[in-house]
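Take a look at the structure below.
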Amino acid sequence: TAAARVRNLTKTYGSGPALVTALDDVSLDLEEGEFTAVMGPSGSGKSTLMHCCAALDTGDSGSVFIGEQDLTTLKDKALTRLRRDEIGFVFQSYNLVPTLTAEENILLPLAIAGRKPDREWYDAVVATVNLGDRLSHKPNELSGGQQQRVAVARALVSRPRIVFADEPTGNLDSRSGAEVLELLRKSATEHGQTIVMVTHDPVAAAWTDRVVFLADGRVVDEIRDPSRDQVLEIM
Ligand code: ADP
Ligand code: ADP
């Protein structure tokens with residue numbers, strides 16, 4: 001079954017001569033427990049697609065379903081609940097709370113939902129993102145890569161049904177990148193979470209079950225069980 005379905009989604013910015021079609025009639029199914037990479041040139045609509053799927057933005061026409069829920073018909077309160085309880089998001093710009101420590105940032109989604117962490121999973125996630133004594137530091141005392149790892153841990157720790165990650169390894173060296181990818185892979189395979197990741201890296205894409213290619217706001221290609229070389233051939 002599909003964890004999320006996008007149907008004929010179109011989104012434009014601006015108007016007149018400044019009109020930009022960010023998404024042009026996109027349809028896509030994201031299967032439960034599947035790890036998908038979204039690739040394509042800068043400006044092809046990847047971030048816009050992620051934001052619309054995660055209920056952070058809305059299209060001009062078409063629909064997005066998360067499970068059985070049609071985002072276009074949900075009221076603000078239901079959207080807030082959906083974002084809080086079912087969706088994890090790793091922002092390209094991390095969006096960490098500057099006044100909280102790394103650990104407090106990671107625990108924030110659980111705190112907001114009034115839930116306690118599953119200790120075993122929390123420890124596994126925190127060990128993987130490898131922050132060591134930096135857990136007690138605030139974001140401005142962390143490197144870009146460390147902030148990125150905090151953002152990944154924060155999105156995964158509450159085990160949301162669906163996780164959207166906008167270039168989650170963009171700022172990481174290949175070793176910590178591989179650790180984050182392994183964690184995302186495990187979230188899908190062992191916990192049945194649906195993971196969607198924007199990436200420019202064919203090595204990262206090779207960790208996924210499927211790569212969807214965007215160009216000019218349209219889905220132009222797709223590969224199942226991608227290898228790095230297959231991805232390189234298309235991108
Ligand atoms: P990317 O690596 O996805 O191209 P950008 O730096 O282009 O990232 O965009 C980051 C964010 O800035 C986007 O999510 C979008 O909301 C906003 N943005 C991108 N392009 C424009 C634009 N032309 N005008 C205003 N905001 C933009
Ligand atoms: P990608 O993530 O693939 O780089 P985006 O989804 O960020 O692509 O952007 C798709 C198109 O929409 C680009 O042409 C971008 O400049 C434009 N765009 C994105 N966000 C905005 C915005 N807030 N205002 C105006 N144009 C935007």
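The values are calculated or read from the model by the stated rules, or taken from the named source; none is laboratory data. Predicted model, so just to flag it, every value in this text is computed and none were measured. Cβ atoms come from the backbone with ideal geometry, glycine included; neighbour counts cover every protein chain shown. What goes into the accessible areas is simple: the full protein's heavy atoms, side chains included, and nothing from ligands, DNA or RNA. Shrake-Rupley method; radii C 1.70, N 1.55, O 1.52, S 1.80 Å.
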Being outside any helix (DSSP H, G or I) and away from ligand 1 (no atom under 16 Å from the Cβ) narrows Val196, Val211 down to just Val211
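Checking the condition more than 16 Å from ligand 1 (Cβ to nearest atom), open to solvent by less than 30 Å² (accessible area, probe 1.4 Å) and either at pLDDT below 95 or farther than 21 Å from Gly33 by Cα (or both), which residue from Val163, Val150 passes? Even if it seems obvious, please write down each step before you answer.
Details: Val163 fails: either at pLDDT below 95 or farther than 21 Å from Gly33 by Cα (or both).
Answer to the check: Val150.
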Among (1) in a helix (DSSP H, G or I); (2) of a type in the set (Gly, Ala, Ser); (3) touching a strand residue (DSSP E or B) at 6+ places or on another chain (Cβ under 9 Å), Ser63 falls short only on (1)
For segment 39-55, pairs from a residue that is over 25 Å from Asp70 (Cα atoms) and more than 6 Å from ligand 2 (Cβ to nearest atom) to a residue that is basic (Lys, Arg) and assigned to a loop (DSSP other than H, G, I, E, B), with Cβ under 9 Å and 6 or more apart or across chains, are none
Flagged in segment 94-125 as touching a helix residue (DSSP H, G or I) at 6+ places or on another chain (Cβ under 9 Å) and either among the acidic types (Asp, Glu) or within 16 Å of ligand 1 (Cβ to nearest atom) (or both), in numbering order, are Tyr94, Asn95, Glu103, Glu104
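With Leu82, Leu131 as the choices, which residue is open to solvent by less than 40 Å² (accessible area, probe 1.4 Å) and out of contact with any strand residue (DSSP E or B) (no Cβ under 8 Å at 6 or more places or on another chain)? Steps first, answer last, please.
Numbers: Leu82 fails: out of contact with any strand residue (DSSP E or B) (no Cβ under 8 Å at 6 or more places or on another chain).
The conditions single out Leu131.
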- Is there a residue in segment 87-98 that is touching a Ser or Thr at 6+ places or on another chain (Cβ under 6 Å) and not aliphatic (A, V, I, L, M)? no
Within segment 37-68, the residues that are within 23 Å of Leu110 (Cα to Cα), more than 16 Å from ligand 1 (Cβ to nearest atom) and modelled with pLDDT of 95 or more are Ile66
Kindly evaluate Ser158 against the criterion of being of a type outside the set (D, E, K, R), in a loop (DSSP other than H, G, I, E, B) and in contact with a Pro (Cβ under 6 Å, 6 or more places away or on another chain). yes
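State which residue is least open to solvent (accessible area, probe 1.4 Å) when the search covers only segment 216-231 and only residues that are over 19 Å from Val26 (Cα atoms) and outside any loop (DSSP other than H, G, I, E, B). Steps first, please.
Initially, segment 216-231 is screened for residues over 19 Å from Val26 (Cα atoms), giving 225-231.
Narrowing further to those that are outside any loop (DSSP other than H, G, I, E, B): 228-231.
On the way: Arg228: 111, Asp229: 90, Gln230: 79, Val231: 0 Å².
So, considering only residues that are over 19 Å from Val26 (Cα atoms) and outside any loop (DSSP other than H, G, I, E, B), the one least open to solvent (accessible area, probe 1.4 Å) is Val231.
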